1. Anything over 32 Å Cα to Cα? Flag those among Lys189/Lys213; Lys64/Lys256; Lys189/Lys236; Lys108/Lys189; Lys108/Lys236, in the order listed.
2. Which whole-angstrom value gives the distance between the alpha carbon centres of the stretch 200-229 and the stretch 44-93?
3. When the scattering of the stretch 46-314 is computed by the Debye formula from its Cα atoms alone, each counted once and equally, what is log10 I(q)/I(0) at q = 0.08 Å⁻¹?
4. Estimate the FRET efficiency between Arg147 and Asp111 by the formula 1/(1 + (r/R0)^6), using the beta-carbon distance for r and 56 Å for R0, to the nearest 0.05.
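Where a number appears in this text, it was derived from the coordinates with a stated rule and is not lab data. In this text the structure is predicted, and so the values were computed from the model without any measurement. Note that we place each Cβ from the backbone using ideal geometry, even for glycine, and neighbour counts take in every protein chain shown.
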Amino acid sequence: MADQFAVTYVPGMDSGEIPPSPVDRDEKTAFIYSLVDPVWDIDVLPLTYTNSRWSAFFYRADEKRLRRVVPDCMDIEDDIVEHWYVDHRNTMLGPYGEWGLTVAVSHKAGDGKTYYAGYYPYMYLTQDSAIDAGRVLGFPKKEAFIRTVEHFGNPDDGYGVYDGKDYKFNQFSFLMIRNGYVIHSAIGKYNDAELSAKPAFYGNTEYGRMNMKVVTAPDISSSEWQLVYLPSLVTKDLATAMGRPETEGSHRFQVKPESIRTASPENIEWFQQATPFDNMGAELPVGEMIGLMTFSFDLIIPAGQTLWTETYTRDATWAGAAKPYRYGLRHRFPKPIGLGA
């Protein structure tokens, strides 16, 4: 007769390293999903990331194209965009791969203060709980296959593979696929060149991050748009809550300078396209390639601040009147090569 068993112990539960089960907490702390077993919960904020590997391609984009992907409540501050991959190795949501595109913007809030930030019109990830967490905070995340490889795939502790004082391997390879279509790929070699320019938010503590969150009523009668802002600096209260030695004024995003690698445009082989499911490749093509910068970093993501809201209402006949394909998407594809009429 076969043995059957169930493991009822949750690793880390008794150490205080993870939040108690939702059923053991005040019900007011429940944020999304059922109380029994949510995919993730508001109690995990702020999120922490340790020794992640960031690879950012910088290129100039046409301002008219940038205007198409940036909400009207923001002004564009720079034509250099950041087209990035991240290999997240140690996070409170588990390991996962991520891709995103960042545009430098600003927003003048109702109090008269102008907020500067990097805004994400597109983001893709490999892991469902991180996708859900991002959407709750306003990040426009979708799922995709993402592969990041450095040094021919040789072991890397986040600082590169060394041979004495020199890097042993300089190769890099990036790939993103969604719904069977390659959205982007790039291969090349690091040459540690000085890049001619960087996005406005690089090294600028005035720039936080902005995301657009949309909350739609269950009957689809209205949608509230919320501009969510995350500051770049760690507050004293947050540092204390995290048990970190940093005082107010330290950056949420801690780059490890010794891990930086760069590649000039002539060392980058690039492919990017739009697909029937994703239009990013058509909306923001490369105007002028500036280069690639790769580095390792630690990160804290706190809860955001809502700077702006606007509610859009729909005619009452829309509510509860769903018909086949009325609120869905249908795609028409060209006939495969070789098919007759």
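1. The answer is Lys189/Lys213; Lys64/Lys256; Lys189/Lys236; Lys108/Lys189.
2. 14 Å
3. -0.33
4. The pair Arg147/Asp111 has a calculated efficiency of 0.80.
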